[in-house]
Amino acid sequence: MELKIKKAKLTKGGSVEATYIDQDGNEITIKGNHRAHVDLRSRLQELVPFFAALTEQKEADSIDWSDLNGEANNELLKQISVSAVSKGGDDSAPFIVMSGKRILMTRKVLNLCSPGVDLGDEGLEHGDEFDMAVQAFLYEVEQYILDRKYDTDGVLDFNQDDTSGNTEDPFGEAGATVDVAIPEEIPA
């Protein structure tokens, strides 16, 4: 089942809020209770260079477009983040709007919103990379909704393989305990 995600955002608590169209044409809004998986948070981070360029931040001229995920870009763009992506238009002419923030030197937050970007615009600089980054984020949101791909930090999953390749349940063969007679009086 494929969802048509209209908008998705990472909340302050780290969960996902999303609005999508299901296969029956219903518009559904969800507010997740689980923290987003690191993959989803990473896909948002990969949108930051494009967000900085679209909102004409001073760092945009120094972005290394040949190594978008490099340490130099991460350091350069550490004060900027993307928190939401909205997809509008239709399948033949989709456009994207991103929301995020910039931490100012005063430690105050400046909320930012990018202009709408037509994904079909041939003149868009780094358009293919931007489209791929948006699609990767929307894919992770879909995984969050459909496959319940959440952050599992601190959660033990007994159904996953261990390092030895053993997939057996360690408690699967446990039987009932043996009845042991307990004396009425315990000698002192």
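The values are calculated or read from the model by the stated rules, or taken from the named source; none is laboratory data. Bear in mind the structure is a predicted one, so any value in this text is a computation, not a measurement. Cβ: placed from backbone, ideal geometry, glycine included. Neighbour counts: every protein chain shown.
ARG107 - would you say it is of a type in the set (D, E, K, R), over 24 Å from LYS149 (Cβ atoms), over 21 Å from the mean Cα position of the chain (by Cα) and at pLDDT 90 or above? When the stated conditions are applied, ARG107 passes them.
Return yes when ASN74 is at pLDDT below 95, over 21 Å from ALA136 (Cα atoms) and either out of contact with any strand residue (DSSP E or B) (no Cβ under 7 Å at 6 or more places or on another chain) or of a type in the set (Asp, Glu) (or both) and no when it is not. No.
Taking the stated definitions as given, is GLU173 at pLDDT 55 or above, farther than 21 Å from ALA84 by Cα and not aromatic (Phe, Trp, Tyr)? In short, yes. Would you be able to say whether some residue in the stretch 39-58 is more than 19 Å from the chain's Cα centre (by Cα), in a helix (DSSP H, G or I) and among the charged types (D, E, K, R)? The answer is yes; a qualifying residue exists.
Considering every residue within the stretch 13-34, establish whether at least one is crowded, with 18+ Cβ neighbours inside 10 Å, small (Gly, Ala, Ser) and either over 17 Å from SER99 (Cβ atoms) or touching a Ser or Thr at 6+ places or on another chain (Cβ under 9 Å) (or both). There is at least one residue in the stretch 13-34 that is crowded, with 18+ Cβ neighbours inside 10 Å, small (Gly, Ala, Ser) and either over 17 Å from SER99 (Cβ atoms) or touching a Ser or Thr at 6+ places or on another chain (Cβ under 9 Å) (or both).
From the list LEU77, LEU40, LEU54, the one residue that fits, being buried (at least 19 other Cβ atoms within 10 Å of the Cβ), within 14 Å of MET98 (Cα to Cα) and among the hydrophobic types (A, V, I, L, M, F, W, C), is LEU54.
Comparison of GLY13, GLY25, GLY32 shows that the only residue that is touching a residue at least 40 places away in the same chain (Cβ under 8 Å), farther than 24 Å from ASP128 by Cα and of a type outside the set (A, V, I, L, M, F, W, C) is GLY32. Do you know which residues across the stretch 95-122 are touching a residue at least 40 places away in the same chain (Cβ under 8 Å), small (Gly, Ala, Ser) and assigned to a loop (DSSP other than H, G, I, E, B)? Within the stretch 95-122, just SER114 meets the criteria. Here ASN69 meets each of (1) surrounded by fewer than 16 Cβ atoms within 10 Å (Cβ to Cβ); (2) in a helix (DSSP H, G or I) with one exception, condition (2).
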